[in-house]
Amino acid sequence: MPEAEIELRRLLDIMAALRDPSAGCPWDVVQTFDTIAPYTIEEAYEVADAIARRDFAALPDELGDLLFQVVYHAQMAAEAGHFAFADVARAISDKMIRRHPHVFGDAAARDAAAQTAAWELQKQAERTARAETGTLAGIPAGMPALTRALKITNRAARVGFDWPDAEAVLEKLDEEVAELRAELPAADKARLTDEVGDMLFVLANLARKLDLDPEACLRHANAKFARRFGAVETRLATEGKTPKDATLAEMEAKWQEVKQEEKRLLF
């Protein structure tokens with residue numbers, strides 16, 4: 001038996017043992033789909049983080065954690081009589097064969113753009129077969145909000161509901177900023193939530209128009225802020241201070257020093 005099959009069988013057996021009502025782990029035995037789902041999302045993010053850091057030594061471990069989540073859900077489903085791990089593997093294999101007729105069938109491969117279009121047509125056909133109707137059908141509500149905004153507006157754009165260019169999106173952003181400013185004096189949380197949401201949605205569209213991933217843009221901004229703020233803390237520490245001990249003006253001065261140093265290193 002190939003090594004991959006041996007190790008997968010071992011993992012499935014470990015999962016079954018952990019869930020054994022009489023001899024398993026008390027914590028694992030009481031888990032449900034709902035309680036495990038957040039861990040599944042967390043593990044997917046940890047895989048993405050390892051890839052972003054190019055930490056290929058850690059990646060097998062992170063991928064293993066994610067695979068364990070799939071096995072966990074499959075085990076719980078098997079116990080309830082819904083489906084088994086083999087059904088999960090069979091479903092994805094069948095789907096990949098169905099969506100790649102240029103590899104597994106008679107269709108001719110052209111280029112990546114043509115294949116992407118064919119892929120989307122196949123997905124639409126599958127959604128129709130599942131009675132999921134409408135342009136936006138099948139986009140998970142639990143996705144990260146910026147990613148979901150990107151997917152929603154990509155779908156809308158395919159049927160012609162879109163801004164003509166990035167400049168038009170910027171004009172819409174100016175409009176949304178003005179609407180938010182108008183709501184600031186009243187400070188109504190519901191209205192502010194609505195307006196800030198509109199701004200974020202427009203920003204997601206701006207990223208799309210610039211052929212950027214808004215989630216990746218925000219991750220980059222988060223990492224940049226964390227790096228620079230860490231450098232500010234380090235500089236304050238050399239003066240025997242923490243951020244709580246420093247004034248805003250002092251921290252801003254250190255922030256500008258860090259920015260200028262980064263620019264010198266880049267250019």
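Per-structure values
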read-out	value
Partner lysines for Lys151 [C-alpha distance under 28 Å; skip if fewer than 8 residues away on the same chain]	Lys95, Lys123, Lys172, Lys189, Lys209, Lys224
Distance (nanometres) between label positions extended 7 Å along Cα→Cβ at Phe229 and Thr40	3.2
Helix 85-99 axis, angle to the chain major axis (alpha carbon atoms, nearest 10°)	70
Simple Cβ-charge dipole of the range 143-267, Lys/Arg +1 and Asp/Glu -1, about Cα centre, in debye nearest 20	620
Within-13-Å neighbourhood charge of His73 [Cβ basis; K, R +1; D, E -1]	-4
Net charge of neighbours whose Cβ lies under 15 Å from the Cβ of Ala190, counting Lys and Arg as +1 and Asp and Glu as -1	-4
Expected 222 nm ellipticity per residue - DSSP helices of 4 or more, -39500 (n - 2.57), all of the chain, to 500	-24500 deg cm²/dmol
Using θ = phi - 60° and Karplus 6.51 cos²θ - 1.76 cosθ + 1.60, couplings along the range 139-152 (whole Hz; Gly, Pro as x)	8, x, 5, x, 5, x, 4, 5, 5, 5, 4, 4, 5, 4
Distance (nanometres) between label positions extended 7 Å along Cα→Cβ at Val196 and Gln122	4.2
Net charge of Cβ neighbours under 12 Å - reference Gly230; Lys, Arg +1; Asp, Glu -1	+4
Set of lysines with alpha-carbon distance to Lys244 below 20 Å, sequence-local pairs under 8 removed	Lys254
Cα-based convex hull, the chain, per residue volume (Å³, whole number)	268
Residue-wise HN-Hα coupling along the range 5-22, computed from phi with Karplus coefficients 6.51, -1.76, 1.60 (Hz; x: Gly, Pro)	5, 4, 5, 5, 4, 4, 5, 4, 5, 4, 5, 4, 5, 4, 8, 4, x, 9
Stokes-Einstein diffusion coefficient of the range 145-212, Kirkwood radius over Cα pairs, 10 °C, 1.306 mPa s, in µm²/s	127
Phi-based couplings in Hz for the range 66-74 (Karplus 6.51, -1.76, 1.60; Gly and Pro marked x)	5, 4, 4, 5, 4, 4, 4, 4, 5
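Coordinate-derived values only; no laboratory data. Quick caveat, the model's predicted, so the values are computed rather than measured. Neighbour counts run over all protein chains shown; Cβ positions are idealised from the backbone, glycine included.
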